[in-house]
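Data block below; observations after.
The values are calculated or read from the model by the stated rules, or taken from the named source; none is laboratory data. What you see is a predicted model, and the numbers here were worked out from it, not measured in a lab. Heads up, the Cβs are rebuilt from the backbone with ideal geometry, glycines too, and the neighbour counts pull from every protein chain shown. For accessibility, only protein heavy atoms count, side chains too; no ligands or nucleic acids. Shrake-Rupley method; radii C 1.70, N 1.55, O 1.52, S 1.80 Å.
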Amino acid sequence: MSESVYPVPEAWARRARVTEEGYEQLHGRSLADPGSFWLEQARRLDWVKRPELAGDWSFDEADFHISWFADGKLNVAANCVDRHLASRGDQIAILWEPDEPSEEPRRYTYRQLHAEVCRFANVLKAQGVAKGDRVTIYMPMIPEAAFAVLACARIGAVHSVVFGGFSPEALAGRIVDCDSSVVITADEGRRGGKKVPLKANVDMAAAHAPSLETVIVVQATGGAVEMKAGRDLWYHEAAETVAGDCPAEPMAAEDPLFILYTSGSTGKPKGVLHSSAGYLLWASYTHELVFDYRPAEIYWCAADIGWVTGHSYIVYGPLANGATTLMFEGVPNWPDASRIWQVVDRHKVEILYTAPTALRSLMREGDSYVSATSRASLRLLGSVGEPINPEAWRWYHDVVGEGRCPIVDTWWQTETGGMLISPLPGATQLKPGSATRPLPGVDPQIVDADGKVLTGPTEGNLCIARSWPGQMRTVWGDHERFFQTYFTTYPGKYFTGDGCRRDEDGYYWITGRVDDVINVSGHRMGTAEVESALVLHPKVAEAAVVGMPHDIKGQGIYAYVTLNANCVADEDLRQELRNWVRKEIGPIATPDALQFAPGLPKTRSGKIMRRILRKIAENDVGSLGDTSTLADPSVVDDLVKNRVG
Ligand code: WTA
């Protein structure tokens with residue numbers, strides 16, 4: 001064994017649901033007899049009608065379809081709330097830690113959560129929202145965001161949560177794409193002591209979203225907002241006029257649960273659509289297995305509800321499993337870099353799930369912020385969203401966890417609904433930087449550029465050879481795009497867009513995206529989206545955007561911009577363009593570096609050679625490769641000379 005292997009700690013091996021040998025057996029059985037494996041797993045949910053069918057799917061063009069438990073019926077909110085009332089009605093379901101540490105946390109038992117969700121559902125119904133309607137949720141990290149999501153699930157409405165950091169323009173695009181007539185928002189959000197004008201953003205978005213008829217506003221900060229008569233209503237006023245109980249709508253297993261927009265390598269963000277039963281089963285199954293979760297343990301996923309991690313691992317997975325899930329309104333470095341550890345101590349958090357980018361930014365501040373806190377409650381640490389570099393992994397393990405907590409490095413995607421490749425804390429020896437092995441039910445394959453399946457230790461493109469219940473079902477409004485995006489690069493397989501290495505122990509090491517998607521602070525961004533935003537500016541003729549290495553963010557955004565004739569490239573314009581992108585998409589899309597480029601490297605047929613732009617952004621100009629096929633090879637010299645950052 002090399003020294004960079006971390007064995008399963010004794011304490012974990014003893015309590016493990018799945019042991020080292022157990023894992024091999026379970027994974028083998030899940031692939032040998034998926035039908036009975038998944039019907040057995042389906043018992044973890046409460047069904048209105050228990051399914052007799054498991055997976056029915058084909059990734060082939062002629063017969064392309066995906067369905068799971070198709071004859072079953074259930075309600076997702078009833079599974080996350082109602083079914084716990086008898087056994088743990090008085091247990092805390094949602095534990096809310098406010099942005100401002102001097103404020104009191106809020107706590108909701110399962111019984112209180114039930115009442116809140118019913119009331120919210122009745123407010124939606126009173127506004128005419130019915131099964132199948134799309135409801136856009138643009139909320140800060142307050143408990144009402146979870147109530148809103150579950151209220152939609154309760155009545156069978158399809159929620160589309162839009163991250164509160166997105167701009168009015170981006171919000172409008174998402175409202176229009178799924179034709180949603182209702183937006184749920186708050187007066188303002190708070191993050192790190194700053195206010196986010198959510199309601200004002202909705203007002204601006206409304207100008208570009210003709211389908212919008214109703215805006216339900218939760219009072220969060222009490223800040224002044226304008227209320228438009230006939231369109232806007234206060235949630236707390238509407239809630240007083242509705243009944244306290246609301247029956248849960250029985251839904252078909254394959255009925256849609258939610259849409260979540262995510263960036264791809266081309267075009268506008270896609271509305272990833274997830275099903276009711278398969279998705280919930282996956283969220284519950286993975287949450288229990290990967291965190292070896294037992295009800296009532298204090299669990300904290302420090303993501304935002306606007307991303308898939310928040311959906312699956314703040315709301316649906318933990319609540320389906322009867323967890324106490326902590327929801328945090330703030331940011332890791334405010335009021336100072338000890339905030340996460342303070343929150344861990346305050347609430348005796350046992351399981352912490354966060355992103356490498358947060359760890360890297362805290363690591364930089366030094367160990368004293370960590371060592372000033374106890375963290376004695378912590379038992380297990382998780383990582384998600386981007387590759388974790390071994391240095392950050394070791395800091396998390398040695399400093400934060402003081403060597404006693406395993407780290408589950410979980411690889412997955414918005415499209416996968418939940419984790420696919422991850423250690424199990426009682427079963428998997430860890431290697432820093434590796435997401436380790438596939439979960440039972442998951443069949444990864446590494447293929448070369450021609451789609452040939454590679455065996456043994458190897459490196460290539462990561463595909464998944466068969467369907468799993470949590471898989472997305474379509475791109476909202478564009479089923480053809482779903483098929484084209486994921487199933488045509490390597491016919492018959494789901495292509496993840498990630499590169500991957502498999503080592504001699506069968507461990508998977510995700511090497512990052514192989515397409516034009518970049519991962520900035522764990523947030524997915526399509527380079528094409530940033531380019532489209534840039535070329536909307538009147539002075540910009542052309543733009544090309546690539547990723548560049550960034551110490552904290554993992555990847556930063558590097559933009560090359562060609563201006564229209566007679567426009568002056570100066571510092572002011574550079575700043576103006578960065579702000580422009582910020583306004584068009586949101587702060588997370590702001591280019592870290594912006595280079596004015598009189599010309600871009602193009603082939604004779606006019607295609608931009610991104611490979612060269614990536615190398616220059618990475619400052620790896622010694623290995624630009626063959627530039628002789630360029631229409632004008634001299635542009636490269638200029639680009640190298642004027643490189644920024
Ligand atoms: C990357 C977030 C390495 C990967 C859940 C994937 C990771 C993309 C990991 C999906 C990990 C996520 N190790 N890379 N543990 N987790 N990724 O849709 O490139 O926001 O394709 O889902 O993040 O990002 P998304």
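Observations
- Any hit, segment 462-469, residues being under 18 Å from Val8 (Cβ atoms) and within 14 Å of the ligand (Cβ to nearest atom): no
- Screening Arg15 on (1) open to solvent by less than 40 Å² (accessible area, probe 1.4 Å); (2) closer than 30 Å to Lys431 by Cα shows it passes everything except condition (1).
- Filter result for Gly271 (part of a loop (DSSP other than H, G, I, E, B), open to solvent by less than 20 Å² (accessible area, probe 1.4 Å) and within 16 Å of the ligand (Cβ to nearest atom)): no
Residue-by-condition table, conditions (1) in contact (Cβ under 8 Å) with a residue 40 or more places away in the chain; (2) open to solvent by 20 Å² or more (accessible area, probe 1.4 Å):
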site	(1), (2)
Val514	yes, yes
Thr527	yes, no
Glu531	no, yes
Pro538	no, yes
Val546	yes, no
Leu563	no, yes
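Residue-by-condition table, conditions (1) at pLDDT below 95; (2) surrounded by fewer than 16 Cβ atoms within 10 Å (Cβ to Cβ); (3) under 30 Å from Arg582 (Cα atoms):
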| position | (1), (2), (3) |
| --- | --- |
| Ser67 | no, no, no |
| Gly72 | no, no, no |
| Val76 | no, no, no |
| Cys80 | no, no, no |
| Tyr110 | no, no, no |
| Asn122 | no, no, no |
| Ala130 | no, yes, no |
| Pro143 | no, no, yes |
| Phe163 | no, no, yes |
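- Taking the conditions (1) touching a strand residue (DSSP E or B) at 6+ places or on another chain (Cβ under 8 Å); (2) open to solvent by less than 50 Å² (accessible area, probe 1.4 Å); (3) part of a loop (DSSP other than H, G, I, E, B) in turn, Pro598 satisfies each one other than (2).
- Of the residues making up segment 18-41, those that are surrounded by 15 or more Cβ atoms within 10 Å (Cβ to Cβ) and out of contact with any Pro (no Cβ under 6 Å at 6 or more places or on another chain) are Val18, Thr19, Glu20, Gly22, Tyr23, Arg29, Leu31, Pro34, Phe37, Trp38, Leu39, Gln41.
- For segment 427-458, the candidate set comprises residues that are within 15 Å of the ligand (Cβ to nearest atom) and among the β-branched types (Val, Ile, Thr); within that set, the residue that is farthest from Ala13 (Cα to Cα) is Ile446.
- Listed by position, the helices (runs of 4 or more DSSP H) enclosed by segment 1-87 that each have at least 3 residues that are of a type in the set (Asp, Glu) are 20-32.
- Search result, residues across segment 408-438 that are acidic (Asp, Glu) and assigned to a strand (DSSP E or B): Asp409
- Ile446 being outside any strand (DSSP E or B) and over 25 Å from Gly267 (Cα atoms): no
- Some residue of segment 494-507 being open to solvent by 50 Å² or more (accessible area, probe 1.4 Å) and more than 16 Å from the ligand (Cβ to nearest atom): yes
- Restricted to segment 471-492, and to residues there that are open to solvent by 30 Å² or more (accessible area, probe 1.4 Å) and farther than 24 Å from Ser276 by Cβ, the residue that is farthest from the ligand (Cβ to nearest atom) is Pro491.
- For segment 510-543, filtered to residues that are of a type in the set (A, V, I, L, M, F, W, C) and under 20 Å from Gly497 (Cα atoms), the residue that is nearest to the ligand (Cβ to nearest atom) is Ile510.
- Residues of segment 346-375 satisfying the condition of being surrounded by fewer than 17 Cβ atoms within 10 Å (Cβ to Cβ) and charged (D, E, K, R): Arg346, Lys348, Arg364, Glu365, Asp367
- Total residues in segment 366-391 satisfying the condition of being touching a Gly at 6+ places or on another chain (Cβ under 9 Å), touching a residue at least 60 places away in the same chain (Cβ under 8 Å) and near the ligand (Cβ under 10 Å from one of its atoms): the figure is 4.
- Listed by first and then second residue, the pairs with beta-carbon distance under 8 Å, at least 6 apart or on different chains, first residue in segment 175-188 and within 11 Å of Val161 (Cα to Cα) and open to solvent by less than 10 Å² (accessible area, probe 1.4 Å), second part of a loop (DSSP other than H, G, I, E, B) and at pLDDT below 95, are Ile175/Ser211.
- Of the residues making up segment 397-426, those that are more than 13 Å from the ligand (Cβ to nearest atom) and either open to solvent by 10 Å² or more (accessible area, probe 1.4 Å) or in contact with a Cys (Cβ under 9 Å, 6 or more places away or on another chain) (or both) are His397, Asp398, Val399, Glu402, Gly403, Arg404, Pro425.
- In summary, Ser284 fulfils each of the numbered conditions (1) farther than 28 Å from Arg107 by Cα; (2) modelled with pLDDT of 95 or more; (3) among the polar types (S, T, N, Q) with the single exception of condition (1).
- Checked against (1) open to solvent by less than 60 Å² (accessible area, probe 1.4 Å); (2) on the phi < 0 side of the Ramachandran plot, Gly606 passes all but a single condition, namely (2).
- Some residue of segment 245-258 being touching a residue at least 12 places away in the same chain (Cβ under 8 Å), under 25 Å from Asn519 (Cα atoms) and crowded, with 16+ Cβ neighbours inside 10 Å: yes
- Lys228 open to solvent by less than 20 Å² (accessible area, probe 1.4 Å), of a type outside the set (Phe, Trp, Tyr), out of contact with any Phe, Trp or Tyr (no Cβ under 8 Å at 6 or more places or on another chain) and not in a strand (DSSP E or B): no
- Only strands (runs of 3 or more DSSP E) whose full extent lies in segment 153-213 are considered here, and the ones with at least 3 residues that are not aliphatic (A, V, I, L, M) are 189-191.
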